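To start, I am sharing the structure in question, which I have written as structure tokens.
Nothing in this text is a laboratory measurement; each read-out follows from the coordinates by a stated rule. Here the structure is a predicted model, which means the values were calculated and not measured. A quick note on method: Cβ atoms are made from the backbone with ideal geometry, for glycine too, and the neighbour counts reach across all protein chains shown.
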Amino acid sequence: AQKITQTQPGMFVQEKEAVTLDCTYDTSDPSYGLFWYKQPSSGEMIFLIYQGSYDQQNATEGRYSLNFQKARKSANLVISASQLGDSAMYFCAMRGATGNQFYFGTGTSLTVIP
Amino acid sequence: DAMVIQNPRYQVTQFGKPVTLSCSQTLNHNVMYWYQQKSSQAPKLLFHYYDKDFNNEADTPDNFQSRRPNTSFCFLDIRSPGLGDAAMYLCATSTRGRGSNQPQHFGDGTRLSIL
């Protein structure tokens, strides 16, 4: 069975500082993908970054990077130089190599403090 | 721009009165999903289509049904909405590519209220 765990219900970060949002996962699939989404209070889900299980390097997209530790089954999102607009819910999700389902964590609410 | 469009953005219906939410996409993706999301919770998958193949989640109530008349459109029908069905409904699309590297693309959601 696939499972995503986000243990931080809420996080606070000072503007311009970096923050790490934790995500651990459990799967028996040898190949899988890990995704992070941002959901502002307006409700839309925005795709941020992807990490493949066989990727040798950690994914980066602008201010977002993914700290992927395969042996520990963790895929933490790092946001550098936080901005007020980063305040939102953040969801970690996983997709297996077969099938179409995505498995979501419970989310972390990030608040950026001016 | 290729996108996923949900209409309406806000929907109010009466208790027990059928309601239909719509989703269209210009991405030509072969997989379409419907999620229910309640406040401060993760999205809960109701069902998805892979092309015309319908996949219902085991715990999706019978009250929820879906139609996908063509690749571009997918509808969520709630036959007799109850107060517990008030939520945000998210439509998403994806492709069944090689491996697992295809993300989901979401619409802006429809926020459903029940009077």
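For the range A:54-69, which residues satisfy the criterion of being under 17 Å from A:D22 (Cα atoms) and either within 9 Å of chain B (Cβ to nearest Cβ) or not β-branched (V, I, T) (or both)?
A:N58, A:A59, A:R63, A:Y64, A:S65, A:L66, A:N67, A:F68, A:Q69
Let me ask something else about it. From (1) within 18 Å of A:Y103 (Cα to Cα); (2) away from chain B (no Cβ under 11 Å); (3) in contact with a Lys or Arg (Cβ under 7 Å, 6 or more places away or on another chain), pick out the condition that doesn't hold for A:L48.
(2)
Residues to consider are B:S113, B:S72; find the one that is farther than 24 Å from A:Q39 by Cβ, surrounded by fewer than 20 Cβ atoms within 10 Å (Cβ to Cβ), away from chain A (no Cβ under 11 Å) and small (G, A, S). Spell out the reasoning first.
Details: B:S113 fails: farther than 24 Å from A:Q39 by Cβ.
Only one candidate passes the filter, namely B:S72.
Filter the range A:11-31 down to the residues that are over 16 Å from the mean Cα position of the chain (by Cα) and in a loop (DSSP other than H, G, I, E, B), then identify the one that is surrounded by the most Cβ atoms within 10 Å (Cβ to Cβ).
Of everything passing the filter in the range A:11-31, A:T27 is surrounded by the most Cβ atoms within 10 Å (Cβ to Cβ).
For the range B:86-102, state whether one or more residues are closer than 15 Å to B:Y10 by Cα, in contact with a strand residue (DSSP E or B) (Cβ under 8 Å, 6 or more places away or on another chain), β-branched (V, I, T) and surrounded by 14 or more Cβ atoms within 10 Å (Cβ to Cβ). Before the answer, list the steps.
Looking only at the range B:86-102, we keep the residues that are closer than 15 Å to B:Y10 by Cα, and these are B:86-91.
Filter once more, keeping what is in contact with a strand residue (DSSP E or B) (Cβ under 8 Å, 6 or more places away or on another chain): B:86-91.
Pick out the ones that are also β-branched (V, I, T) and you get none.
Checked the range B:86-102: no residue is closer than 15 Å to B:Y10 by Cα, in contact with a strand residue (DSSP E or B) (Cβ under 8 Å, 6 or more places away or on another chain), β-branched (V, I, T) and surrounded by 14 or more Cβ atoms within 10 Å (Cβ to Cβ).
While we're on this one: Give me the residue from the range B:75-110 that is of a type in the set (D, E, K, R) and touching a residue at least 12 places away in the same chain (Cβ under 8 Å) and, out of that set, farthest from the other protein chains (Cβ to nearest Cβ).
B:R79
Where in the range A:70-113 are the strands (runs of 3 or more DSSP E), entirely inside, with at least 3 residues that are within 22 Å of B:S40 (Cα to Cα), touching a residue at least 60 places away in the same chain (Cβ under 8 Å) and within 11 Å of chain B (Cβ to nearest Cβ)?
A:88-96, A:102-104
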